[in-house]
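Chemist: Starting off with a structure, shown below.
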Protein chains: 2
Amino acid sequence: MIYPKKLETIIEFYKKLPGIGEKSAERMALATLDLPKDEIENVSKDLVDAKNTLGPCSICGHITDKEICDICSSETRNKNIICVLEDYKSVFSFEKAGNFKGVYHVLGGLISPTEGIGYEDINLPSLLSRVEKLENPELILALKSNIEGETTTLFIKKILEDKNVIISRLSYGIPMGADIDYMDTITLDKAIEDRKQISDNK
Amino acid sequence: MIYPKKLETIIEFYKKLPGIGEKSAERMALATLDLPKDEIENVSKDLVDAKNTLGPCSICGHITDKEICDICSSETRNKNIICVLEDYKSVFSFEKAGNFKGVYHVLGGLISPTEGIGYEDINLPSLLSRVEKLENPELILALKSNIEGETTTLFIKKILEDKNVIISRLSYGIPMGADIDYMDTITLDKAIEDRKQISDNK
């Protein structure tokens, strides 16, 4: 083994992160050792703290260090417009784009009959109870354009068809099959702007 | 601020590592949170442990978790051939190339009159005392081809000219000004093979 064992474990850790190959992980691990001791101790504590203190917002499911996230507790956000996402990571992408002034709902997954993931396995019941409390709710579905995303979209549309809910989905400004997290901010803004209503309610 | 504070500190940490920009750091931090809690606790401990337990080999200055590194304590390495490097990171590059069977000496810097770094500020005294104990020593200087590297090379050549030491430098298979850590293994092997003697001793 070329590297001391402790260094090897850090390399193995970095290799688990997205986009990091063997060579990058090695260089990162060596660079980590060059950092001052107190900085390493701090980040080591931060890593554990972050994992322990960050959890889902009790309203929308977005990651937060509070009971209710900053977006849900903001006075300036329009609580009637809910953007529905699979993953909280996409919330950060929309927030960076910066033009969406509604709120979010993080499903934490998509309906997948093949993988046995149903309506109650993701945060859909909580979405429905949120919608029911609103007077003129509008849902913007920002889900992947694959089978699971389409299935979930159709399910939401069907289960809400008797309610007075405007449902739209993101415009296909987003390339088919691509990961929302990778989109540039202009494409995301465009996709919100060109959202396409799919419910029959006007 | 878009990210919770604890997440922000992890992003800032990753941004300090080589080759990691804003976007990569964000994705890495989010991916880190997705790892199991025990894994995060382990790596957190490993980071501090690595910083605390890894230090220079008392003979060659290479990084190790022991008093004397595996290379210096190996029975199969030729202790008479010492490859002299600026940085211990380069040791890993040569070890990966895998064909060099001598030992190393890590200077931990280069002589730089402009920055006031002299002979005693780097691990040159310990190199000389190593060389004096050997019967037929050979030094391979694997230093950068910049002014500091050339200065250090000339200094070593001059200070050893009365001793019976064969001194060579890496062949210029390595591109001028490039970082040794980035070299591919074939170039590194070639550079060891084509090393060029610069002392007058035959």
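The values are calculated or read from the model by the stated rules, or taken from the named source; none is laboratory data. Keep in mind that what you see is a predicted model, and the values were worked out from it rather than measured. Positions of Cβ are generated from backbone atoms using ideal geometry, with glycine treated the same way; all protein chains shown enter the neighbour counts.
Chemist: Could we say that B:Leu110 is part of a helix (DSSP H, G or I), among the aliphatic types (A, V, I, L, M) and either crowded, with 17+ Cβ neighbours inside 10 Å or out of contact with any strand residue (DSSP E or B) (no Cβ under 8 Å at 6 or more places or on another chain) (or both) here?
Modeler: Spelling it out, it is not the case that B:Leu110 is part of a helix (DSSP H, G or I), among the aliphatic types (A, V, I, L, M) and either crowded, with 17+ Cβ neighbours inside 10 Å or out of contact with any strand residue (DSSP E or B) (no Cβ under 8 Å at 6 or more places or on another chain) (or both).
Chemist: Given the criterion away from chain B (no Cβ under 14 Å) and part of a loop (DSSP other than H, G, I, E, B), identify the matching residue among A:Asn99, A:Asn78.
Modeler: A:Asn78
Chemist: Between B:Leu17, B:Leu47, which is within 32 Å of the chain's Cα centre (by Cα), outside any helix (DSSP H, G or I) and buried (at least 19 other Cβ atoms within 10 Å of the Cβ)?
Modeler: The match here is B:Leu17.
Chemist: Could you list, in sequence order, all residues of region B:26-35 that are touching a Leu at 6+ places or on another chain (Cβ under 6 Å) and more than 7 Å from chain A (Cβ to nearest Cβ)?
Modeler: Selection gives B:Ala29 alone.
Chemist: Check A:Glu95, A:Glu26, A:Glu39 and return the single one that is assigned by TED's automatic domain parsing to the domain that holds A:Ser126 and not β-branched (Val, Ile, Thr).
Modeler: Working: A:Glu26 fails: assigned by TED's automatic domain parsing to the domain that holds A:Ser126; A:Glu39 fails: assigned by TED's automatic domain parsing to the domain that holds A:Ser126.
Result: A:Glu95 is the single residue among A:Glu95, A:Glu26, A:Glu39 that is assigned by TED's automatic domain parsing to the domain that holds A:Ser126 and not β-branched (Val, Ile, Thr).
Chemist: Could you check region A:4-25 and list, in sequence order, the residues that are within 7 Å of chain B (Cβ to nearest Cβ) and within 21 Å of B:Thr64 (Cα to Cα)?
Modeler: A:Pro4, A:Lys5, A:Lys6, A:Leu7, A:Thr9, A:Ile10, A:Phe13, A:Ser24
Chemist: Need the failing condition index for B:Cys83 against (1) crowded, with 22+ Cβ neighbours inside 10 Å; (2) under 29 Å from A:Ile40 (Cα atoms), just the number.
Modeler: Only one criterion is unmet by B:Cys83, namely (2).
Chemist: Next up: Count, please, the residues in region B:60-80 that happen to be within 22 Å of B:Glu135 (Cα to Cα) and over 14 Å from the mean Cα position of the chain (by Cα).
Modeler: Number satisfying all stated conditions: 10.
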